[in-house]
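Below: one structure, written as structure tokens.
The values are calculated or read from the model by the stated rules, or taken from the named source; none is laboratory data. Nothing here was measured: the structure is a model prediction, and the numbers come from that model. Backbone-built Cβ (ideal geometry, glycine too); neighbour counts: all protein chains shown.
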Amino acid sequence: MTIRSLSDLDVAGRRVLVRVDFNVPFKKGVEPREISDDGRIRAALPTISHLVEAGASVVLATHLGRPKGEPAAEFTLEPVAVRLGELLSAKVIYATDVTGSDAQLKVSNLQIGEVLLLENVRFDPRETSKVATEREALAKELASFADFFVSEGFGVVHREQASVTDVAKLLPHAAGLLVEAEIRVFKKLLEDPDRPYTVVLGGSKVSDKLGVISHLLTKVNTLIVGGGMCFTFLKAQGHEVGNSLLEMEQIETVKGFLSSAIENNVKVLLPVDIVVADAFAADANHKVVSIQNIEDGWIGLDIGPKSCEIFTDAISTSKTVVWNGPMGVFEMEAFAAGTKAVANAMTQSSAMTVVGGGDSAAAVRVLKLDENKFTHISTGGGASLEFLEGKTLPGIAVLEDK
Ligand code: AMP
């Protein structure tokens, strides 16, 4: 089974439909809408430029947010088209519908080297429909816009959706440069990681990461757990966690993880101290306490300095480090130190260092760390977790040719 690369497609003079992931965040409460982090747009530039330079015309499809299958002003792609044009230093044509009359007209007028962005694919309810024939109908309309399909939206390859999977079945296809790089990295992690192999998990919920934890417990040497999810682990070990995030219904599962770690000889590192606050607020009173001393009424919002040291040590002696999920509420300065410590330790390591999308990738940018000092920053949060779980991702499976 192989997946074709961009360079395997003879695109000169042809139209190429590229499924990208331009699901970018916007500044809250700012009008007109302003993109707060254009990382996902920048990540697709090499593929777009490659196609333009190879003499293709490029039709881009993406979703933005979760509109309810109909147009909604807050989810239009116009600001994305403007930003893309700035980044490409070229005019980007913007269609005001997905496959309607405006898109049809603009696609048919598209010249070699031009780039067209279709309106948010999720304005069409068929994009995410559970009914295959509905998705296929939209995929046919999209496929009629191009001679080739390129999959470049790693953030959505774990989804069975019209513009991700169905359209790939209708056109000769290839993985874009970004998706290709993501596949290379995650295959290495799954099949042949250099050891010691350490995975750092954080973020708010254990329940989102059950699959990945249980899979990793037979694969890694060290599992580090921080963030909101560490409190369910601490509680499972008999500690009181005050008003910190806690998923009582996961306690038994977590106890199972802890004993499976012992059986598999996997070291699980949990925080030994916590930054607790008297409210979930940037200006709350806060202090560092050991995990034995989290009092009622206090909320754990970050890992403490001793934990940072222990986690940093484990990271610096590893040959492969994967990180998914912030160590604390990094969006608030007072609770960002744990996340900074983990990220900094990764930037200073000579190991293969991978940041698993979503909030961790955002944290790298928000904390203004040097992105080039990581081996790979994934553009897919959910997709990277599912990849790490060893699941088949439908948007990648569909690209495989015999
Ligand atoms: P997730 O969406 O599960 O990846 O979680 C990311 C979010 O977890 C971020 O917005 C963090 O602010 C949040 N987070 C990290 N640590 C904590 C914590 N100790 N308590 C509450 N939220 C947290």
**Report entry** Any hit, region 63-71, residues being assigned by TED's automatic domain parsing to the domain that holds V18 and out of contact with any Lys or Arg (no Cβ under 9 Å at 6 or more places or on another chain)
**Finding:** yes
Query raised in the report: What number of residues in region 325-349 are at pLDDT below 95 and either closer than 24 Å to D194 by Cβ or away from the ligand (no atom under 16 Å from the Cβ) (or both)?
Result: 1
Query raised in the report: Can you find even one residue in region 209-226 that is of a type in the set (S, T, N, Q), touching a helix residue (DSSP H, G or I) at 6+ places or on another chain (Cβ under 7 Å) and either outside the structural domain of D313 (by TED's automatic domain parsing) or within 9 Å of the ligand (Cβ to nearest atom) (or both)?
Result: no
Query raised in the report: Filtering region 157-177 down to residues that are surrounded by fewer than 24 Cβ atoms within 10 Å (Cβ to Cβ) and within 30 Å of T218 (Cα to Cα), which residue is nearest to the chain's Cα centre (by Cα)?
Result: H158
Query raised in the report: Would you say V150 is closer than 26 Å to M327 by Cα and either within 16 Å of the ligand (Cβ to nearest atom) or outside any helix (DSSP H, G or I) (or both)?
Result: no
Query raised in the report: Any idea which of E182, E249, E191, E263 is surrounded by 23 or more Cβ atoms within 10 Å (Cβ to Cβ), more than 16 Å from the ligand (Cβ to nearest atom) and among the acidic types (D, E)?
Result: E182
**Report entry** Those residues of region 282-293 which are out of contact with any Asp or Glu (no Cβ under 6 Å at 6 or more places or on another chain) and within 14 Å of the ligand (Cβ to nearest atom), in sequence order
**Finding:** A282, H286, V289, I291
Query raised in the report: Could you list, in sequence order, the residues of region 265-293 that are assigned to a helix (DSSP H, G or I) and touching a Pro at 6+ places or on another chain (Cβ under 7 Å)?
Result: I291
Query raised in the report: Can you pull out the residues in region 350-402 that are over 23 Å from L217 (Cβ atoms), among the charged types (D, E, K, R) and within 16 Å of the ligand (Cβ to nearest atom)?
Result: R365
Report task. Test T96 against the criterion of being over 17 Å from R14 (Cα atoms), surrounded by fewer than 18 Cβ atoms within 10 Å (Cβ to Cβ) and touching an Asp or Glu at 6+ places or on another chain (Cβ under 6 Å), and give yes or no. Result -> yes
**Report entry** Matching option when the condition is in a helix (DSSP H, G or I), among the hydrophobic types (A, V, I, L, M, F, W, C) and in contact (Cβ under 8 Å) with a residue 40 or more places away in the chain, among V220, V212
**Finding:** V212
Report task. Give the residue, chosen from F233, F257, that is more than 16 Å from the ligand (Cβ to nearest atom), touching a Leu at 6+ places or on another chain (Cβ under 8 Å), assigned to a helix (DSSP H, G or I) and among the aromatic types (F, W, Y). Result -> F257
Requested in this report: Identify, by number, the condition in (1) closer than 20 Å to G325 by Cα; (2) part of a helix (DSSP H, G or I); (3) of a type outside the set (G, A, S) that I262 doesn't meet.
Outcome: (1)
